[in-house]
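Taking it in order: structure first as structure tokens, then the write-up.
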Amino acid sequence: MLRSSSSSQASPSRPPAPPGRSRNRRRTAAVAALAVAASLTVPAAAGAAPVPRLAPGHPAPPAKQAVATGFGGAVSTVDPDASRTALKVLQRGGNAMDAAVASAATLGVTEPYVSAIGGGGYITYYNARTRRVHALDGREFAPGRMRQDSFVDPATGRPLPFDQAVTSGLGVGVPGTLAQWDLALRRFGTRDLATLLRPAIGVADRGFVVDQEFHDQTAVNEARFRDIVPTRELFLPGGKVPEVGSVFRNPDLAGTYRELARRGTGWFYGGGLGKEIVKTVARPPVDPKATRDVRPGLMERGDLDAYRAVQRKPTHVPYRGTDVYGMPPSSSGGSTVGEALNVLGNFRLDPRDPVTALHYYLEASKLAYADRGRYVGDADKVDVPLEELLSSGFARERACQIRPGQAAPAPVAPGSPDGRYEACVPPGTQTRALAFEGPQTTHLVVADKWGDVVSYTLSIEQFGGSGITVPGRGFLLNNELTDFSFQPPAPGRAPDPNLPGPHKRPRSSMAPTLVLQDGRPRLAVGTPGGSTIITTVLQILVNRIDLGMDLPTALAAPRATQRNTPQVFAEQAFIDRYGRDLAARGHRLELFPGPPLGVIGAATGLEFLRPGLVQAVAEPTRRGGGSALVVRPAR
């Protein structure tokens, strides 16, 4: 079997500068409160997106289609404007990386609560000329002044309440998106950033028609947006949540993009815009009348200057005659998806017996999540035994703990990826609680006519990130540092690889994934969803590779997520179809609490059906559905 080789050299995005969760019950309660709030406003996956009432004099919003098949290149995103932007770049001779960056910039306009230059992300990329896979890490990192106990309230000695950390300068990481775009375009692009920002500038100037999803995301955030002056002025025009069918414009972001086009990314990392970001983080612009405690952050000018996007060696595991590539640490996506696939490789998954296949999927997820929590963090700062976590010997040792007819009680203990593997290992005693990660992210996939493929997940963490808008600049800042563990483990407990630290990247679950067969791309897939990203990507791969579904069916199928918790959280359709049979094997299924309530992920993917023929796939209904397009549709 031919396999693609991988780049292993770290490459900074700019010249060198001069001389890695345990959550308390209050944070869980805060998460539950967010889920309840979202459940009041965000439609479930079962219904199609409402048709907006059109604003007078404004063109109708582009139509969405979930599946497109054709030639010359393909794209799938959550948003029609972003997909059309990518398609135009491809039609005008740009490559997949050019199209991905242009599309992401447009998402910063139309999906500002999940995608912004105030955040970060991860890219996996297949270069058809070299037949190599690359991984580009644009994850935010912590300020140099951050310490292990930075999220511990000195007044109480306890971790800050989660909702207080979310809406704060303290949760803001040094953004990585622009450095990642710069690295990606210099290494693999054919267009400059100024050219690729033009479509997004046009959308920001003329505006877009507000749909139900944008309205609902704003409504969920309304209370905290009101307390932060520039956020209120931008996202609550006239003091109100934008109505469905109204036109939302963002001239501030258009101006920011124009300045970036003129000045380059140095304006962000070492110039005037960077100074404005630091000032905003240090003194969040809170309404003096507000009672919300919005804590200042620790970011300084030198932190922006020190930031680097990094090219890394992707993770790789063989699976059922394919080669699956993913994102290495600081993300846990590639290692955890890869470990779970290795475990599943020890079992026969029969499409005629989906319940047994799903039982194995849930149990493999449980084991992989236990190991993720114990061992995975920012590999630049902590020792991550990545090679052993992805070894076949470790997978066999973990697989021996799965019983065909009975689910293991969760949480299960992590394994020992030490290179000494037995046929079976008794369960251990140390477990780590599931960390909370905001599910509000976005994912896009692009393929070009040359066969290059981009799988790109980007985020600012929560819907609305930190809630803090840089005054006059039109974009929100992330709250990604809340992905760190908030408190060091108690004496005698296993070390935590995901504690905060200076210039450390918090662990992520983002899993932009590429699947090759005989050295050529077959699938690209990814999704938002916080810590459910890993299980969603894994389940789509199992659906497609093991259970024989085509990609549209694999992506639309009802989902469940097992993240080493006592419950299996699932969508209602999954419970209805498989709940009774899986309960008989000891699985405790409950409706996924969201937000959005009962909806897991919002995936995008593409598949090469034969040389040159690509099928792009988006969600048909989840989060209002997505947008799949191709350059030349097949007849």
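The values are calculated or read from the model by the stated rules, or taken from the named source; none is laboratory data. Keep in mind it's a predicted model, so treat the numbers as computed, not measured. All Cβ positions, glycine included, derive from the backbone under ideal geometry; neighbour counts span all protein chains shown. Surface areas here come from the heavy atoms of the whole protein model, side chains and all, with no ligands, DNA or RNA. Shrake-Rupley method; radii C 1.70, N 1.55, O 1.52, S 1.80 Å.
Data for the structure
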item: Distance histogram in 5 Å bins (all Cα pairs of region 57-196, percent per bin); result: 2, 8, 15, 17, 16, 12, 10, 8, 6, 4, 2, 1, 0
item: For region 232-344, the Rg and Dmax computed from alpha carbons only, in angstrom; result: 21.4, 62
item: Charge sum, other residues only, whose C-beta stays under 9 Å from GLU339's C-beta, Lys/Arg counted +1 and Asp/Glu -1; result: +1
item: Phi-based couplings in Hz for region 610-620 (Karplus 6.51, -1.76, 1.60; Gly and Pro marked x); result: 7, x, x, 9, 10, 10, 9, 9, 10, 5, x
item: Region 123-183 - convex hull of the alpha-carbon atoms, volume per residue in Å³; result: 122
item: Cut-off under 5 Å, modelled amide H: who pairs with GLY626 long-range; result: GLU619
item: Derived scalar couplings ³J(HN,Hα) [region 102-117; Karplus, 6.51 cos²θ - 1.76 cosθ + 1.60; whole Hz; x for Gly, Pro]; result: 4, 5, 5, 5, 5, 4, x, 8, 8, 10, x, 8, 10, 9, 7, 5
item: Size-normalised alpha-carbon gyration radius of region 470-573, reference 2.2 N^0.38 Å; result: 1.42
item: Spacing of the two label points (7 Å from each Cα toward its C-beta) at ALA490 and ARG187, in nm; result: 4.3
item: Relative packing of 359-369, 121-131, which averages over residues the other C-beta atoms within 10 Å, highest first; result: 359-369, 121-131
item: CD proxy at 222 nm, helix term only [per DSSP H run n ≥ 4: -39500 (n - 2.57); per residue of the chain; nearest 500]; result: -9500 deg cm²/dmol
item: Ellipsoid equivalent to the chain - semi-axes via the Cα gyration tensor, in Å; result: 33, 29, 25
item: Summed side-chain charge close to ALA634 - residues other than ALA634 whose Cβ falls under 15 Å, Lys, Arg +1, Asp, Glu -1; result: +2
item: Of all DSSP beta bridges in the chain, antiparallel share, percent nearest 5; result: 90
item: Nearest-10 value in Å² for the accessible area of CYS400, using the 1.4 Å probe; result: 40
item: Built amide H within the under 5 Å cut-off of ARG588, gap 5+; result: VAL568
item: For ARG312, distant residues with modelled amide H under 5 Å away; result: ALA135, LEU136, ASP137
item: Estimated Rh, region 333-412: Kirkwood, alpha-carbon pairs, angstrom; result: 13.1
item: Environment charge of LEU541, counting only residues whose C-beta is closer than 15 Å and scoring Lys/Arg +1, Asp/Glu -1; result: -1
item: Whole-number D in µm² s⁻¹ for region 251-317, Kirkwood Cα-pair radius fed into Stokes-Einstein, 20 °C, 1.002 mPa s; result: 148
item: Separation of the ARG283 and ARG301 label points, Cα + 7 Å toward Cβ, nm; result: 1.5
item: Rg/Rg_globular for region 188-250, with Rg_globular taken as 2.2 N^0.38 Å and Rg from C-alpha atoms; result: 1.37
item: Pairwise Lys count, the chain - Cα closer than 21 Å, eight or more residues apart or different chains; result: 7
item: Cα gyration tensor shape of region 153-264, rounded if a/c is under 1.5, else prolate or oblate by comparing a/b with b/c; result: oblate
item: Estimated vicinal HN-Hα couplings, Hz - region 347-364 in sequence order (Karplus 6.51, -1.76, 1.60; Gly, Pro = x); result: 10, 8, 9, 9, x, 7, 10, x, 5, 5, 4, 5, 4, 5, 4, 5, 5, 5
item: Relative packing of 597-609, 225-237, 407-419, which averages over residues the other C-beta atoms within 10 Å, highest first; result: 597-609, 225-237, 407-419
item: Region 129-202 versus region 251-306: alpha-carbon centroid distance in Å; result: 13
